[in-house]
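Have a look at the structure below before the remarks.
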Amino acid sequence: MLNGQLSLTGISHFAGADAIARLQRSVIFAGLLGCVLLAGCTTGPRAPVVDLTNAPPTPASGSATGGTYVVKPGDTLYKIARSNGVDVDTLKRWNGMSDSNVLSVGQVLKLSAPAAGSAAAPVGSRPVAKPSEQSTEPVPLPPPGEPGTPTVPPATPPETTPSTTPTAPPPAVAETPKVARAPDAGVINWAWPANGQLIQTFNTNTKGIDIGGSAGDPVTAAADGKVMYSGNGVRGLGNLIIINHNNGFITAYAHNRALLVKTGQEVKRGTKVAEIGQTDAASPRLHFEIRRQGTPVDPLQYLPQR
């Protein structure tokens, strides 16, 4: 058989009997050669049949070089173990790993047992990847008590104490110091403008004295005179009264709750001109000043001793 069926009848039209005989012998030889070749293919030694059902997967091409593997983004220990024909526990033991979830991009893993006498590299010696190259696999927190995990003692609840409402301490009461009288103290008949205790003495900052009291206590004129100002237009002094006296003296009464006189009104020594308050002040008080020719002087040098 050559190219299907060879028609000897058709060939006889173009060749003689000798040519036909030679052609028949060629056909027989070709058939015998084909049988010999076919027999050689089927009776020779066969390739072994391997059961791949439970065989480990063939290592991924190019994934490891020289018995090591470099961790890439998205890798997991399970994936690396499967692709390189080892189990996860063995891979962890070879690399001294205690947690299969802790991987870093660029970390070099051993894919074979360490040489005799050499120990697996501790986990702490692995290269640390940049934050942008960290493995996306979640890293669970180690259980309490695992080495390397700081133990935080439980918070101790604060001791509870009965709640009390803090009360503002009363203003310090200063004893009225004995101050030498001013040479011109007798020019005007002075009187104390309030009955409370002295809580602030005169200095260059205060420019006067502070007398304590309760809101609503009376404020009286320290001497005869005329009201120059009654209002609250001076910052830091609250409701303020200024009285003009003889011989270049004026007095000032600040932080009042109520003003009882008007500008231009004549008043006598002891006349109630206001009520103690705490406008622009931390507590109820009267801030009292005496000025001589416009200069603040210590009121205790003019007021009568008490």
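What the table below lists for this structure:
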{"quantity": "Lysines whose Cα lies under 21 Å from that of K92, excluding same-chain neighbours fewer than 8 positions away", "calculated": "K72, K79, K110"}
{"quantity": "Summed residue charge, Cβ within 14 Å of V227's Cβ, Lys/Arg positive, Asp/Glu negative", "calculated": "+3"}
{"quantity": "Label-point separation in nm, V70 to V234, each point 7 Å along Cα→Cβ", "calculated": "8.4 nm"}
{"quantity": "Ranked by how many other beta carbons lie within 10 Å on average, peptides 71-77, 209-215 from highest", "calculated": "209-215, 71-77"}
{"quantity": "Net length gained if the chain between N247 and S98 were fully extended (0.36 nm per residue, minus Cα distance)", "calculated": "43.9 nm"}
{"quantity": "Anisotropy class of segment 190-252 from Cα gyration tensor, a/c 1.5 cut", "calculated": "rounded"}
{"quantity": "Nonlocal amide H pairs with V273, under 5 Å, H built at 1.01 Å", "calculated": "V219, T220, A221"}
{"quantity": "Most to least packed among 270-280, 289-299 [average Cβ atoms within 10 Å]", "calculated": "270-280, 289-299"}
{"quantity": "Proximal charge balance of V297 [Cβ under 13 Å; K/R count +1, D/E count -1]", "calculated": "+1"}
{"quantity": "Rounded accessible area per residue of segment 197-285, 1.4 Å, Å²", "calculated": "48 Å²"}
{"quantity": "Anisotropy class of segment 204-306 from Cα gyration tensor, a/c 1.5 cut", "calculated": "rounded"}
{"quantity": "Out-of-range pairs (alpha-carbon distance over 25 Å; input K207/K272; K178/K272; K178/K207)", "calculated": "K178/K272"}
{"quantity": "Long-range HN-HN contacts of D224 with modeled amide H, under 5 Å", "calculated": "R269"}
{"quantity": "Mean Cβ count within 10 Å, highest first, over the residues of peptides 262-268, 244-250, 94-100", "calculated": "94-100, 244-250, 262-268"}
{"quantity": "Contour excess over end-to-end distance, with Cα ends at S112 and A180 and 0.36 nm allotted per residue", "calculated": "14.2 nm"}
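The values are calculated or read from the model by the stated rules, or taken from the named source; none is laboratory data. Bear in mind that the values here come from a model prediction, so they are computed numbers and not experimental data. When we count neighbours, we look across all protein chains shown, and the Cβ atoms used for this are built from the backbone with ideal geometry, even at glycine. The area values use the complete protein model at the heavy-atom level, side chains included, leaving out ligands, DNA and RNA. Shrake-Rupley method; radii C 1.70, N 1.55, O 1.52, S 1.80 Å.
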